[in-house]
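Visitor: Quick one: the structure is below, and I'll ask about it shortly.
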Amino acid sequence: MGCAAVMIPGLLRGPVGAICTQAASLRSTCSTVRHLSLTSVMKSKRKTDHLERTANIVRREVVSAAKVCGAASESPSVKRLRLLVADKDFSFKAGQWVDFFIPGVSVVGGFSICSSPRLLEQERMIELAVKYTNHPPALWIHNQCTLDSEVAVRVGGEFFFDPQPADASRNLVLIAGGVGINPLLSILRHSADLLRERANKGSGYDIGTIKLFYSAKNTSELLFKKNILDLVNEFPEKIACSLHVTKQTTQISAALKPYITEGRIMEQEIRDHISKETLFYICGPPPMTDFFSKQLENSHVPKEHICFEKWW
(Lines give C-alpha, C1' and ligand atoms only; values in the text may rest on other atoms or scores of the structure.)
Protein backbone atom coordinates (compact mmCIF):
# COMPACT_ATOMS: atom_id res chain seq x y z
CA MET A 1 0.00 0.00 0.00
CA GLY A 2 1.10 3.60 -0.42
CA CYS A 3 2.24 5.76 2.46
CA ALA A 4 -0.72 7.26 4.35
CA ALA A 5 1.35 9.87 6.21
CA VAL A 6 -0.54 12.79 4.69
CA MET A 7 -3.65 11.73 6.60
CA ILE A 8 -2.00 11.30 9.97
CA PRO A 9 -1.73 14.10 12.52
CA GLY A 10 1.32 14.29 14.75
CA LEU A 11 0.05 14.11 18.33
CA LEU A 12 -1.70 10.85 19.19
CA ARG A 13 -4.08 10.45 22.10
CA GLY A 14 -7.05 8.23 22.88
CA PRO A 15 -9.12 6.49 25.54
CA VAL A 16 -7.86 2.93 25.55
CA GLY A 17 -4.98 0.97 27.05
CA ALA A 18 -4.45 -2.79 27.16
CA ILE A 19 -2.69 -5.26 29.43
CA CYS A 20 -2.45 -8.95 28.62
CA THR A 21 0.16 -11.39 27.38
CA GLN A 22 -0.68 -12.82 23.99
CA ALA A 23 1.01 -12.55 20.61
CA ALA A 24 -0.36 -10.52 17.71
CA SER A 25 0.90 -10.35 14.15
CA LEU A 26 2.81 -7.46 12.60
CA ARG A 27 2.80 -6.19 9.04
CA SER A 28 5.12 -3.65 7.44
CA THR A 29 4.19 -0.15 6.33
CA CYS A 30 6.09 2.98 5.36
CA SER A 31 8.79 4.34 7.68
CA THR A 32 7.11 7.76 7.72
CA VAL A 33 4.19 6.36 9.72
CA ARG A 34 6.54 4.72 12.22
CA HIS A 35 8.52 7.96 12.53
CA LEU A 36 5.32 9.96 13.18
CA SER A 37 4.24 7.50 15.84
CA LEU A 38 7.61 7.49 17.61
CA THR A 39 7.86 11.27 17.44
CA SER A 40 4.40 11.56 18.97
CA VAL A 41 5.34 9.31 21.87
CA MET A 42 8.52 11.28 22.55
CA LYS A 43 6.75 14.63 22.42
CA SER A 44 3.76 13.64 24.51
CA LYS A 45 3.61 14.89 28.08
CA ARG A 46 0.07 13.66 28.80
CA LYS A 47 -0.48 10.58 30.94
CA THR A 48 -3.65 9.92 28.98
CA ASP A 49 -1.89 9.88 25.62
CA HIS A 50 -3.08 6.80 23.70
CA LEU A 51 0.20 6.01 21.96
CA GLU A 52 2.22 6.68 25.08
CA ARG A 53 0.10 4.29 27.12
CA THR A 54 0.13 1.67 24.38
CA ALA A 55 3.73 2.18 23.21
CA ASN A 56 4.72 -1.32 24.35
CA ILE A 57 1.57 -2.96 23.02
CA VAL A 58 1.82 -4.91 19.79
CA ARG A 59 -0.01 -3.31 16.86
CA ARG A 60 -0.27 -4.01 13.17
CA GLU A 61 1.78 -1.60 11.08
CA VAL A 62 -0.72 -1.42 8.22
CA VAL A 63 -2.60 1.91 8.18
CA SER A 64 -5.76 1.56 6.11
CA ALA A 65 -8.12 4.14 4.65
CA ALA A 66 -11.71 3.83 5.90
CA LYS A 67 -14.98 5.51 4.98
CA VAL A 68 -17.92 6.21 7.32
CA CYS A 69 -20.94 4.42 5.86
CA GLY A 70 -23.29 4.46 8.85
CA ALA A 71 -23.86 6.36 12.10
CA ALA A 72 -26.52 6.07 14.80
CA SER A 73 -27.10 6.90 18.46
CA GLU A 74 -26.56 3.80 20.60
CA SER A 75 -27.46 5.66 23.82
CA PRO A 76 -27.89 9.31 24.89
CA SER A 77 -24.09 9.58 25.18
CA VAL A 78 -22.74 7.01 22.70
CA LYS A 79 -22.62 7.14 18.91
CA ARG A 80 -22.15 4.00 16.84
CA LEU A 81 -20.11 4.19 13.62
CA ARG A 82 -19.90 1.72 10.77
CA LEU A 83 -16.75 1.97 8.65
CA LEU A 84 -15.99 0.45 5.27
CA VAL A 85 -12.35 -0.73 5.10
CA ALA A 86 -11.67 -1.91 1.55
CA ASP A 87 -7.99 -2.76 2.19
CA LYS A 88 -7.71 -6.58 2.08
CA ASP A 89 -4.58 -6.39 4.26
CA PHE A 90 -6.69 -5.02 7.13
CA SER A 91 -7.80 -7.66 9.63
CA PHE A 92 -8.31 -7.89 13.40
CA LYS A 93 -8.96 -10.33 16.22
CA ALA A 94 -12.10 -10.06 18.37
CA GLY A 95 -11.30 -7.67 21.23
CA GLN A 96 -8.67 -5.51 19.51
CA TRP A 97 -8.78 -1.72 19.04
CA VAL A 98 -7.86 0.73 16.30
CA ASP A 99 -5.75 3.85 16.24
CA PHE A 100 -8.27 6.24 14.67
CA PHE A 101 -6.74 8.91 12.41
CA ILE A 102 -8.88 11.91 11.38
CA PRO A 103 -7.67 14.33 8.68
CA GLY A 104 -7.36 17.84 10.10
CA VAL A 105 -7.69 16.74 13.74
CA SER A 106 -4.46 17.15 15.69
CA VAL A 107 -4.93 14.13 17.99
CA VAL A 108 -5.84 10.53 17.27
CA GLY A 109 -8.26 8.24 19.07
CA GLY A 110 -7.99 4.66 20.23
CA PHE A 111 -11.34 2.87 20.04
CA SER A 112 -12.19 -0.82 20.45
CA ILE A 113 -13.94 -2.57 17.58
CA CYS A 114 -17.34 -3.87 18.70
CA SER A 115 -18.21 -5.92 15.60
CA SER A 116 -17.03 -9.44 14.84
CA PRO A 117 -14.18 -10.36 12.46
CA ARG A 118 -16.80 -12.20 10.36
CA LEU A 119 -18.53 -8.90 9.45
CA LEU A 120 -15.21 -7.60 8.11
CA GLU A 121 -14.58 -10.82 6.16
CA GLN A 122 -18.04 -10.79 4.59
CA GLU A 123 -18.79 -7.08 4.12
CA ARG A 124 -15.45 -5.25 4.73
CA MET A 125 -17.16 -3.41 7.62
CA ILE A 126 -16.15 -2.69 11.21
CA GLU A 127 -18.19 -0.98 13.94
CA LEU A 128 -17.12 1.35 16.75
CA ALA A 129 -19.19 2.86 19.58
CA VAL A 130 -17.78 6.11 20.94
CA LYS A 131 -18.85 7.95 24.09
CA TYR A 132 -19.24 11.73 23.98
CA THR A 133 -16.33 13.49 25.73
CA ASN A 134 -14.29 16.65 25.09
CA HIS A 135 -11.54 14.43 23.64
CA PRO A 136 -11.08 15.80 20.05
CA PRO A 137 -11.63 12.51 18.14
CA ALA A 138 -14.82 11.83 20.15
CA LEU A 139 -16.00 15.41 19.55
CA TRP A 140 -15.38 14.99 15.82
CA ILE A 141 -17.33 11.72 15.74
CA HIS A 142 -20.30 13.25 17.58
CA ASN A 143 -20.35 16.72 16.00
CA GLN A 144 -18.66 16.70 12.59
CA CYS A 145 -18.57 13.16 11.24
CA THR A 146 -20.89 12.60 8.25
CA LEU A 147 -21.59 9.74 5.86
CA ASP A 148 -18.64 9.30 3.48
CA SER A 149 -16.20 11.03 5.88
CA GLU A 150 -12.76 9.57 5.25
CA VAL A 151 -10.49 8.44 8.11
CA ALA A 152 -7.69 5.90 8.57
CA VAL A 153 -7.34 3.00 11.01
CA ARG A 154 -4.59 0.76 12.35
CA VAL A 155 -5.23 -2.35 14.48
CA GLY A 156 -3.56 -2.82 17.85
CA GLY A 157 -3.95 -4.58 21.16
CA GLU A 158 -3.10 -7.80 22.95
CA PHE A 159 -6.59 -8.21 24.44
CA PHE A 160 -8.36 -10.67 22.16
CA PHE A 161 -10.03 -14.06 21.81
CA ASP A 162 -8.82 -15.94 18.74
CA PRO A 163 -9.05 -19.71 19.30
CA GLN A 164 -7.90 -22.12 16.61
CA PRO A 165 -10.07 -25.13 15.63
CA ALA A 166 -7.92 -27.67 17.48
CA ASP A 167 -7.55 -25.63 20.71
CA ALA A 168 -8.99 -26.95 23.99
CA SER A 169 -12.60 -25.97 24.67
CA ARG A 170 -12.93 -22.98 27.01
CA ASN A 171 -15.75 -21.24 28.82
CA LEU A 172 -15.72 -17.44 28.76
CA VAL A 173 -16.69 -14.99 31.47
CA LEU A 174 -16.89 -11.43 30.10
CA ILE A 175 -17.03 -8.56 32.65
CA ALA A 176 -17.86 -5.12 31.25
CA GLY A 177 -18.32 -1.65 32.73
CA GLY A 178 -19.82 1.19 30.66
CA VAL A 179 -18.26 1.55 27.21
CA GLY A 180 -15.94 -1.31 28.19
CA ILE A 181 -18.62 -3.45 26.56
CA ASN A 182 -17.14 -2.70 23.12
CA PRO A 183 -14.31 -5.27 22.88
CA LEU A 184 -16.36 -7.78 24.87
CA LEU A 185 -19.26 -7.46 22.44
CA SER A 186 -16.80 -8.24 19.63
CA ILE A 187 -15.72 -11.36 21.55
CA LEU A 188 -19.36 -12.29 22.23
CA ARG A 189 -20.28 -11.88 18.56
CA HIS A 190 -17.22 -13.88 17.50
CA SER A 191 -18.23 -16.62 19.95
CA ALA A 192 -21.70 -16.71 18.36
CA ASP A 193 -20.09 -17.01 14.91
CA LEU A 194 -18.04 -19.97 16.20
CA LEU A 195 -21.21 -21.59 17.58
CA ARG A 196 -22.99 -21.14 14.24
CA GLU A 197 -20.04 -22.55 12.33
CA ARG A 198 -19.94 -25.58 14.60
CA ALA A 199 -23.71 -26.12 14.21
CA ASN A 200 -23.62 -25.73 10.41
CA LYS A 201 -20.45 -27.67 9.59
CA GLY A 202 -20.12 -30.01 12.56
CA SER A 203 -16.49 -28.88 12.81
CA GLY A 204 -14.48 -25.88 13.98
CA TYR A 205 -13.63 -24.64 17.46
CA ASP A 206 -15.74 -26.25 20.20
CA ILE A 207 -16.47 -23.31 22.51
CA GLY A 208 -17.97 -23.86 25.96
CA THR A 209 -20.42 -21.53 27.72
CA ILE A 210 -20.24 -17.73 27.64
CA LYS A 211 -21.47 -15.55 30.52
CA LEU A 212 -21.58 -11.76 30.21
CA PHE A 213 -21.68 -9.54 33.30
CA TYR A 214 -22.32 -5.94 32.25
CA SER A 215 -22.76 -2.88 34.46
CA ALA A 216 -23.84 0.67 33.57
CA LYS A 217 -25.48 3.60 35.35
CA ASN A 218 -28.95 2.86 33.98
CA THR A 219 -30.70 0.85 31.29
CA SER A 220 -30.40 3.64 28.70
CA GLU A 221 -26.61 3.42 29.06
CA LEU A 222 -26.56 -0.38 28.69
CA LEU A 223 -25.28 -0.45 25.11
CA PHE A 224 -26.28 -3.08 22.56
CA LYS A 225 -29.06 -4.49 24.79
CA LYS A 226 -31.01 -5.90 21.84
CA ASN A 227 -27.92 -7.44 20.23
CA ILE A 228 -26.95 -9.11 23.50
CA LEU A 229 -30.43 -10.49 24.26
CA ASP A 230 -30.81 -11.72 20.66
CA LEU A 231 -27.67 -13.83 21.14
CA VAL A 232 -28.89 -15.10 24.53
CA ASN A 233 -32.17 -16.15 22.87
CA GLU A 234 -30.41 -17.69 19.86
CA PHE A 235 -28.10 -19.80 22.06
CA PRO A 236 -29.96 -20.28 25.38
CA GLU A 237 -27.80 -23.24 26.44
CA LYS A 238 -24.52 -21.51 25.62
CA ILE A 239 -24.85 -17.73 26.15
CA ALA A 240 -26.18 -16.01 29.28
CA CYS A 241 -26.04 -12.44 30.57
CA SER A 242 -26.41 -10.59 33.85
CA LEU A 243 -27.06 -6.86 33.32
CA HIS A 244 -26.44 -4.51 36.26
CA VAL A 245 -27.59 -0.92 36.77
CA THR A 246 -26.16 1.22 39.58
CA LYS A 247 -28.18 4.46 39.35
CA GLN A 248 -31.53 3.53 37.81
CA THR A 249 -34.25 6.18 38.35
CA THR A 250 -36.90 5.06 35.84
CA GLN A 251 -38.98 1.90 35.61
CA ILE A 252 -37.25 -1.06 33.94
CA SER A 253 -39.09 -2.48 30.93
CA ALA A 254 -40.73 -5.90 31.18
CA ALA A 255 -38.51 -7.28 28.40
CA LEU A 256 -35.32 -6.29 30.24
CA LYS A 257 -36.41 -7.02 33.80
CA PRO A 258 -35.48 -10.75 33.90
CA TYR A 259 -31.88 -9.89 33.05
CA ILE A 260 -31.42 -6.83 35.28
CA THR A 261 -29.93 -6.63 38.76
CA GLU A 262 -29.94 -3.26 40.55
CA GLY A 263 -26.50 -2.74 42.10
CA ARG A 264 -22.95 -3.42 41.02
CA ILE A 265 -21.50 -6.76 39.93
CA MET A 266 -20.54 -8.71 43.07
CA GLU A 267 -17.34 -10.74 43.38
CA GLN A 268 -19.29 -13.83 44.50
CA GLU A 269 -21.17 -13.89 41.19
CA ILE A 270 -17.86 -14.03 39.37
CA ARG A 271 -16.34 -16.54 41.78
CA ASP A 272 -19.18 -18.97 41.07
CA HIS A 273 -17.92 -19.29 37.48
CA ILE A 274 -14.30 -20.16 38.26
CA SER A 275 -13.07 -23.41 36.73
CA LYS A 276 -9.91 -24.73 35.05
CA GLU A 277 -11.62 -24.38 31.66
CA THR A 278 -12.71 -20.74 32.08
CA LEU A 279 -11.06 -17.63 30.63
CA PHE A 280 -11.92 -14.20 32.09
CA TYR A 281 -12.00 -11.03 29.99
CA ILE A 282 -12.50 -7.73 31.85
CA CYS A 283 -12.90 -4.25 30.36
CA GLY A 284 -14.08 -1.11 32.14
CA PRO A 285 -12.85 1.76 34.30
CA PRO A 286 -9.42 1.10 35.90
CA PRO A 287 -10.77 0.61 39.48
CA MET A 288 -13.17 -2.05 38.21
CA THR A 289 -10.60 -3.96 36.14
CA ASP A 290 -8.09 -3.79 39.03
CA PHE A 291 -10.68 -5.05 41.51
CA PHE A 292 -11.88 -8.08 39.55
CA SER A 293 -8.47 -9.13 38.24
CA LYS A 294 -7.13 -9.03 41.84
CA GLN A 295 -10.13 -10.98 43.15
CA LEU A 296 -9.61 -13.66 40.51
CA GLU A 297 -5.90 -13.91 41.29
CA ASN A 298 -6.73 -14.23 44.99
CA SER A 299 -9.08 -17.08 44.05
CA HIS A 300 -6.13 -18.85 42.38
CA VAL A 301 -7.19 -18.29 38.78
CA PRO A 302 -3.98 -18.55 36.70
CA LYS A 303 -2.80 -15.16 35.44
CA GLU A 304 -2.81 -16.44 31.86
CA HIS A 305 -6.58 -17.03 32.22
CA ILE A 306 -7.22 -13.39 33.17
CA CYS A 307 -7.13 -10.79 30.41
CA PHE A 308 -8.08 -7.19 31.03
CA GLU A 309 -8.15 -3.84 29.31
CA LYS A 310 -8.46 -0.45 31.04
CA TRP A 311 -10.50 2.43 29.68
CA TRP A 312 -9.16 5.78 30.87
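The values are calculated or read from the model by the stated rules, or taken from the named source; none is laboratory data. Computed from a prediction, not measured in an experiment: that's the story for all the values here. Note that each Cβ is placed from the backbone with ideal geometry, even for glycine, and that neighbours are counted across all protein chains shown. Side chains included, ligands, DNA and RNA excluded: accessible areas come from the protein's heavy atoms. Shrake-Rupley method; radii C 1.70, N 1.55, O 1.52, S 1.80 Å.
Visitor: Could you order Arg124, Arg118 by accessible surface area, starting with the largest, using a probe radius of 1.4 Å?
Guide: Arg118, Arg124
Visitor: Calculate the spin-label point distance for Asp148 paired with Asn56, positioning each point 7 Å from the Cα along the beta-carbon direction, and give it in nanometres.
Guide: 4.6
Visitor: Take Ser106, Ser149 and sort them by solvent-accessible surface of the protein heavy atoms, 1.4 Å probe, largest at the top.
Guide: Ser106, Ser149
Visitor: At 1.4 Å probe size, with no ligands or nucleic acids counted, give the accessible surface of Lys201 in Å², nearest ten.
Guide: Surface open to solvent at Lys201 totals about 140 Å².
Visitor: Applying the Karplus parametrisation 6.51 cos²θ - 1.76 cosθ + 1.60 with θ = phi - 60° to the phi angles of segment 124-130, what ³J(HN,Hα) value in whole Hz is obtained for each residue in order, glycine and proline being reported as x?
Guide: Once rounded to whole Hz, the list reads 6, 10, 10, 10, 10, 10, 10.
Visitor: Extending each Cα 7 Å along its Cβ direction at Glu234 and Glu304, get the distance between those two points in nm, one decimal.
Guide: With each label placed 7 Å out from Cα toward Cβ, I get 3.2 nm.
Visitor: With a ≥ b ≥ c taken as the square roots of the eigenvalues of the C-alpha gyration tensor of segment 191-312, please select rounded if a/c is under 1.5 and otherwise prolate if a/b is larger than b/c or oblate if it is not?
Guide: oblate
Visitor: Under unit Cβ charges (Lys, Arg +1; Asp, Glu -1), what dipole magnitude, rounded to 20 debye, does segment 221-276 have relative to its Cα centre?
Guide: Its charge dipole is roughly 80 debye.
Visitor: Taking θ = phi - 60°, what integer Hz values does the Karplus form 6.51 cos²θ - 1.76 cosθ + 1.60 yield along segment 221-229, in sequence order, with x for Gly and Pro?
Guide: Computed from phi, the couplings for segment 221-229 are 9, 7, 6, 6, 3, 5, 4, 5, 5 Hz.
Visitor: Roll a 1.4 Å probe over the protein heavy atoms and report the accessible area of Asp206 in Å², nearest 10.
Guide: 70
Visitor: Order these peptides, 228-235, 215-222, 153-160, by their mean beta-carbon neighbour count within 10 angstrom, highest first.
Guide: In decreasing order of mean packing, 228-235, 215-222, 153-160 become 153-160, 215-222, 228-235.
Visitor: Moving on. Which FRET efficiency value, to the nearest 0.05, do you get for Lys257 and Glu197 by plugging their Cβ-Cβ distance into 1/(1 + (r/R0)^6) with R0 = 35 Å?
Guide: Computed FRET efficiency for Lys257 and Glu197 comes out at 0.60.
Visitor: Here's something else I'd like to know. Give me the accessible area of Lys79, 1.4 Å probe, in Å² rounded to the nearest 10.
Guide: My reading of the accessible area for Lys79 is about 40 Å².
Visitor: Another question about this same structure. Could you size up the charge dipole of segment 175-312 around its Cα centre, putting +1 on the beta carbon of Lys and Arg and -1 on that of Asp and Glu, and report it in debye to the nearest 20?
Guide: I would put it at about 240 debye.
Visitor: Another question, if that's okay. Using a probe radius of 1.4 Å on heavy atoms only, what accessible surface per residue do you get for segment 121-206? Whole Å² is fine.
Guide: With all protein chains present, segment 121-206 gives 40 Å² per residue.
Visitor: For segment 259-264, in order, what is each residue's ³J(HN,Hα) by Karplus, 6.51 cos²θ - 1.76 cosθ + 1.60 with θ = phi - 60°, in whole Hz (x at glycine and Pro)?
Guide: 9, 9, 10, 8, x, 6
Visitor: Can you list residues from other chains, or at least 5 along the same chain, whose modelled amide H is less than 5 Å from the amide H of His244?
Guide: HN-HN under 5 Å from His244: Tyr214, Ser215, Ala216, Thr261.
Visitor: Okay, next question. Taking a ≥ b ≥ c as the square roots of the Cα gyration tensor eigenvalues, with a/c under 1.5 meaning rounded and otherwise prolate when a/b beats b/c, else oblate, which class fits segment 59-156?
Guide: prolate
Visitor: Given H placed on each backbone N at 1.01 Å, which residues far from Arg170 in sequence or on other chains put an amide H within less than 5 Å of it?
Guide: The answer is Gly208.
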